[in-house]
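Chemist: Mind having a look at this structure? Questions to follow.
The values are calculated or read from the model by the stated rules, or taken from the named source; none is laboratory data. Computed from a prediction, not measured in an experiment: that's the story for all the values here. When we count neighbours, we look across all protein chains shown, and the Cβ atoms used for this are built from the backbone with ideal geometry, even at glycine. The area values use the complete protein model at the heavy-atom level, side chains included, leaving out ligands, DNA and RNA. Shrake-Rupley method; radii C 1.70, N 1.55, O 1.52, S 1.80 Å.
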Amino acid sequence: MPEMSFEQMLDESFKTIKNGEVVKGTVISVKPEEIILNIGYKSDGIITRNEYSADSNLDLTTVVKEGDEMEAKVVKVSDSEGQVILSYRRLAQEKGNQRLQEAFENDEVLTGKIVQVLKGGLSAEVDGARVFIPASLISDGYVKDLTQFKGQDVEFKIIEFEPRKRRVIGDRKSLIVAEKKAKQDELLATLKVGDVIEGTVKNVTNFGAFVDLGGIDGLLHISEMSWGRVENPAKIFHEGDTVKVFIKEIKDSKIALSRKFPDENPWNDAAEKFAVGNIVKGKVARMADFGAFIELAPGIDGLLHVSQISKEHIDKPSDVLSIGQEVEARVVELRENEHKISLSLKALNRPEDEKQEDSDYADVDVAAEASKEDAAE
């Protein structure tokens, strides 16, 4: 058997490695763009910036130092300069993918850092592996600016795991929905009809306003906004306003709110203020062919029938009256239980005890006429 040369003996003293193998080494040199490892082989191993991280601007001297031990994957056993090309990034990705697979199989919640904003979503990193979170699964609502998440740690679940196809999908939305639902259930269990609570106006529509009560929304319908008439909710409430309301009804998870507090009911002292014979003042609020409705107080209208506007014949109220006009009239009828008040201009100059003799008004059912107006609305 021929004797081995010194070079051959030296080669034999080093371990053998192959492509794809995982090796452990000690950092012997670090530059901003590369790391040199002593891996116990005849050639040192080199990790370029690109094979360490996806961050093309990363200064490697800020993440490792001489003497550190680290593992890497062999990419190429020997390049043209006799060095071994290693990859820390690929090994981390493999380990990370194992972590993602376990989380996927166990329906586990993961925390990852958003490292990149992509078209249509975000890229999160977990233990070196990447997860794509589509924009539709970022939140439970539309997110216009995804850059706000860059650099943040976010929680999500893996809902698709196909690393060979580079398809690893994360879902943050379901966690947010579940968390909100839990808070809503907890809050709902503490609420009861009659509770007075402060909330924040979340959204205003033509039929009412949705109020955030601290994790659950309630609807403040236009008819419950005030004892007075509300034509347009947007003129009264704006998004972000703080409002004091009370709970009128709870049905399943739906909450009906009101601002018509009983102690503020304008009809509480109506019997005294609007007793038959009293002379009252108000503004013309709206008109119909049969008469004009006079606002006597917020939430209280009186009907001035067309036959009681003038001693002379009038075809319709708009012939002599206009919206917003101030008028003075006498109360000729009060139906407190029905919240109906009948007024007369003709009766202004009569003694209170004089018997009404207007035959054209005597047969008028004021409540019925008012009901026609309500139905028309």
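Chemist: Given (i) 135; (ii) 186; (iii) 216, which label gives volume of the Cα convex hull per residue in Å³ as computed from the coordinates?
Modeler: Given (i) 135; (ii) 186; (iii) 216, the calculated one carries the label (iii).
Chemist: Turning to a different aspect of this structure: Could you check the simple spin-label distance between Lys316 and Ile159, using points 7 Å along Cα→Cβ, in nm with one decimal?
Modeler: Going from the Lys316 label point to the Ile159 one covers 5.8 nm.
Chemist: How large is Rg over Rh for the range 92-160, taking Rg from the Cα atoms and Rh as the Kirkwood inverse mean of 1/r across Cα pairs?
Modeler: Over the Cα atoms of the range 92-160, Rg/Rh equals 0.96.
Chemist: Of the candidates Asp263, Asp195, Asp185, which one comes out as most mobile in a Gaussian network treatment of the chain with C-alpha springs shorter than 10 Å?
Modeler: Ranking Asp263, Asp195, Asp185 by mean-square fluctuation puts Asp263 first.
Chemist: Quick one: which of Lys113/Lys173; Lys144/Lys244; Lys73/Lys113 span more than 21 angstrom between C-alpha atoms?
Modeler: Lys144/Lys244; Lys73/Lys113
Chemist: Let me ask another. Taking all pairs of distinct Cα atoms, average 1/r, flip it, and tell me the Kirkwood hydrodynamic radius of the range 154-251 in Å to one decimal place.
Modeler: It works out to 16.0 Å.
Chemist: Hey, what did the chain get for relative contact order, percent, Cα under 8 Å, at least 6 apart?
Modeler: 8
Chemist: Still on this model: Each residue of the range 251-261 in turn: what ³J(HN,Hα) in whole Hz from Karplus with 6.51, -1.76, 1.60 and θ = phi - 60°, glycine and Pro shown as x?
Modeler: Once θ is set to phi - 60°, the couplings for the range 251-261 become 10, 6, 9, 8, 10, 9, 10, 8, 10, 8, 5 Hz.
Chemist: Does a label point 7 Å from the Cα of Asn57, set along Cα-to-beta-carbon, have any residues of the range 110-137 with amide nitrogen under 18 Å, and which are they?
Modeler: 114-118, 123
Chemist: With a Förster radius of 35 Å, plug the Cβ-Cβ distance of Lys150 and Thr16 into 1/(1 + (r/R0)^6) and report the FRET value to the nearest 0.05.
Modeler: Plugging the Cβ-Cβ distance into 1/(1 + (r/R0)^6) gives 0.20.
Chemist: Continuing with the same structure: Specify the residue with the greatest mean-square fluctuation among Val63, Val75, Val168, computed from a Gaussian network of the chain linking alpha-carbon atoms under 10 Å apart.
Modeler: Residue with maximal mean-square fluctuation among Val63, Val75, Val168: Val63.
Chemist: Shifting gears a bit: Leaving out ligands and nucleic acids, note down the accessible area per residue over the chain with a 1.4 angstrom probe, in whole Å².
Modeler: Per residue, the chain has 60 Å² of solvent-accessible surface.
Chemist: Same structure again: Taking 26 Å as the cut-off for C-alpha to C-alpha distance, list the pairs among Lys183/Lys251; Lys235/Lys316; Lys24/Lys65; Lys202/Lys283; Lys192/Lys235 that go past it.
Modeler: Lys235/Lys316; Lys202/Lys283; Lys192/Lys235
Chemist: I want the local charge near Trp267. Using Cβ-Cβ distances under 10 Å, sum +1 for each Lys or Arg and -1 for each Asp or Glu among the other residues.
Modeler: Combined, the nearby Lys, Arg, Asp and Glu give -1.
Chemist: May I pose another question? Rg/Rh for the range 198-323: what does it come to with C-alpha atoms and Rh from Kirkwood?
Modeler: Value, to two decimals: 1.10.
Chemist: Mean-square fluctuation check for the chain, GNM, Cα pairs under 10 Å: which of Val245, Val115, Val327 is largest?
Modeler: Of the options given, Val327 has the highest mean-square fluctuation.
Chemist: Separate question: Return the calculated 222 nm mean residue ellipticity for the chain, to the nearest 500 deg cm²/dmol, obtained by summing -39500 (n - 2.57) across DSSP H runs with n ≥ 4 and dividing by the residue count.
Modeler: One gets -5000 deg cm²/dmol as the mean residue ellipticity at 222 nm.
Chemist: Summing Lys, Arg as +1 and Asp, Glu as -1, what charge do residues with Cβ under 9 Å from the Cβ of Glu33 carry, Glu33 excluded?
Modeler: 0
Chemist: Taking Cα atoms, how many degrees apart are the long axis of helix 366-376 and the longest axis of the chain, rounded to 10 and kept between 0 and 90?
Modeler: Approximately 30 degrees, to the nearest ten.
Chemist: Find which of Leu345, Ile85, Thr147 sits farthest along the positive direction of the dipole of the chain, computed with +1 on the beta-carbon of Lys and Arg, -1 on that of Asp and Glu, about the Cα centre.
Modeler: Ile85
Chemist: Please report, in debye to the nearest 20, how large the charge dipole of the chain is about its Cα centre when each Lys and Arg carries +1 at its beta carbon and each Asp and Glu carries -1 there.
Modeler: Here the chain has a charge dipole of around 1160 debye.
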